[in-house]
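Right, one structure below, let's go through it.
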Amino acid sequence: MAENGGQLPGGDTLRNLTPMGWKAAARELGRPVGEMGNPACGAGRTGASHPMAVNEAVLALLRPKPDLAQLAREPADVRAAAQAADDAPAGLGTIASYATEVALPATGTWSTPGKGGAQADIVITAPEDGVPLLFVEVDNCFESAPVLTAKIDKYMRFGQRKVKDVDGRERPMWRTRWWVPDGRHGDQPHPPLLLVFNRIGPRNPNTVIPQLAELTERHWKGTLYEGGFHMYDGKLPIVVTGMKQLQEHGPAGAVFRRLGRPHNQTLLEAIGNPRREAHDARRQAEYEARQREHQEELRRIAAQHRAEREARRPVCAGCGTRFTDARWKAIEPAGWGAPRETHPHLCDDCKQQAITAERQAAQAVPEHQEHDQAVPEQKASGTWLSRFRG
């Protein structure tokens, strides 16, 4: 499973995984061997300073939590340190979220990369923590700004490379291996790159970083928009930090500086676009406020129309009650062929009462007329008989 990898400067022995151990680790993590990255070559011969720095960066970003139950019998200072680590802000992802020594081919394929490509010290895929894809380059401060610029050029070439996917469509090569949400139209940067400076070499990061920012400006500089934010379509976000600051504060600490920005930020802020998000949030809030005002104006106008309509609602001439909507509609003028409303000034109840009274009156008129007609006939008949007799 493991083999002797040489001696560290402090006297410790380095253990390397054999190919069998590499496969066993992949099985334990539930990951394909091809996604494990590659073992650090020649670590023991070179004193393992760079591979060990990569391990330190992984631990500083991952910030694994100790099992306090297993430390119950440890000394007080050990338990206190473990408790402090447990109380500290969480890191990014799980151990399965990290791969080391991952080839990023500018030519060739994933399995057989060609020349001119980059090799990321660490690749982090932790979308559950807001970091769907992050490349990490660890520098022990032995390399100059031009050398680091050449590395960043390789990252840029890889980010720009496009290949045909399984559906026949052309996509960025990195999207055929890793999932990242689609960016907004006109603002789709390449996966961000984090540079971690570990000060064990002779070069001063405070001097190298400004030189690096100037040499790589064409890669990271965005386009300023009127809203006070930048768009980074086709650009490579480059973020820098120090190993000590990363170990002390972790990803949640404001110890990350994105090239082109004046202040330190947390990792999520540095790899993101908080000014654009704030601008979008303001625009959305303004839009929602206008929508609320518009809806309120519509409600006010509707209430005014209802009040004006109620003021015009007819009142029954009989009982004084206001017409219902149905009754009001019934008395409104209709077409030429529609029957004329007989009692337009009365409500339904008063109309029915009026119709009933009219019918009763109409029935009473014929009886009275028959009675009035019968009496003159009798008188006339009596007069004729009296005359006839006389």
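Considering helices alone, the calculated mean residue ellipticity of the chain at 222 nm is -14000 deg cm²/dmol, with DSSP H runs of length four and up weighted by -39500 (n - 2.57) and normalised per residue. Between (1) 94, 25, 22; (2) 37, 26, 18; (3) 37, 22, 19, which matches semi-axes √(5λ) of the Cα gyration tensor in Å calculated for the structure shown? Identified label for the calculated read-out: (1).
Per-residue packing, averaged as other Cβ atoms within 10 Å, sorts the ranges 195-206, 282-293 into the order 195-206, 282-293, beginning with the highest.
Each 5 Å bin from zero holds the following percent of Cα-Cα pairs in the stretch 175-247: 3, 13, 19, 19, 16, 14, 10, 4, 1.
Once both labels are positioned 7 Å from their Cα atoms along Cα-to-Cβ, the gap between Leu268 and Ala354 label points is 7.4 nm.
Take the Cβ atoms of Thr94 and Ala72, set R0 to 25 Å, and the FRET efficiency comes out at 0.50.
Counting only lysines at least 8 places from Lys235 when in the same chain, those with an alpha carbon closer than 26 Å to its own are Lys115, Lys151, Lys154, Lys162, Lys164, Lys221. With K and R counted +1 and D and E -1, the other residues having a Cβ less than 13 Å from that of Glu288 yield a net charge of 0. Note on Arg306 and Thr342: with the Förster distance fixed at 35 Å, the Cβ-Cβ geometry gives a FRET efficiency of about 0.75. Under 18 Å from a label point set 7 Å out along the Cα-to-Cβ vector of Asp233, the amide N atoms of the stretch 183-211 belong to 183-191. Using a simple spin-label model with pseudo-atoms 7 Å out from Cα toward Cβ, Asp280 and Ala361 lie 7.7 nm apart.
Across Gln353, Gln304, Gln211, mean-square fluctuation computed from a Gaussian network of the chain (C-alpha pairs under 10 Å connected) peaks at Gln353. In the context of the full set of protein chains, residues of the chain present 62 Å² of accessible surface per residue (probe radius 1.4 Å, heavy atoms only). Charged neighbours of Pro344, selected by a Cβ distance under 11 Å, balance to +1 (K, R count +1; D, E count -1). In sequence order, the stretch 142-153 has phi-based couplings of 9, 9, 7, 4, x, 5, 5, 4, 4, 5, 5, 4 Hz under the Karplus curve 6.51 cos²θ - 1.76 cosθ + 1.60, θ = phi - 60°, and Gly or Pro positions carry x. Extension gain, Ala80 to Val180: 0.36 nm times the residue separation minus the Cα-Cα distance gives 32.1 nm.
Phi angles of the stretch 116-122 translate, via the Karplus equation with coefficients 6.51, -1.76, 1.60 and θ = phi - 60°, into HN-Hα couplings of x, x, 9, 9, 6, 4, 9 Hz per residue; Gly and Pro are given as x. Protein heavy-atom surface of the stretch 143-230, 1.4 angstrom probe: 50% of the accessible area is carbon and sulfur, with nucleic acids and ligands not counted. Between amide H atoms placed 1.01 Å from N, distances below 5 Å from Phe256 occur with Gln265, all of them 5 or more places distant or on a separate chain. Placing +1 on the Cβ of every Lys and Arg and -1 on the Cβ of every Asp and Glu, with no other charges, gives the chain a dipole of roughly 780 debye about its Cα centre.
The stretch 215-343: percent of C-alpha pairs farther apart than 21 Å?
Of all Cα-Cα distances in the stretch 215-343, 67 percent exceed 21 Å.
Stretched out straight at 0.36 nm per residue, the stretch from Glu217 to Thr112 would grow longer than its current Cα-Cα span by 34.7 nm.
FRET efficiency for Arg27 and Val147, Cβ-Cβ distance as r, R0 = 41 Å, nearest 0.05?
Working: r = 37 Å, r/R0 = 0.91.
In this case the efficiency is close to 0.65.
Per-residue 3J(HN,Hα) values for the stretch 280-289, derived from phi via the Karplus relation 6.51 cos²θ - 1.76 cosθ + 1.60 with θ = phi - 60°, read 5, 5, 5, 4, 5, 5, 5, 5, 5, 5 Hz in sequence order (x marks Gly and Pro).
The values are calculated or read from the model by the stated rules, or taken from the named source; none is laboratory data. Since we're looking at a predicted model, the values are computed, not measured. Methodologically, a virtual Cβ is constructed for each residue, glycine included, from the backbone with ideal geometry; neighbour enumeration extends over all protein chains shown. Ligands, DNA and RNA are excluded from the accessible area calculation, which covers all protein heavy atoms including side chains. Shrake-Rupley method; radii C 1.70, N 1.55, O 1.52, S 1.80 Å.
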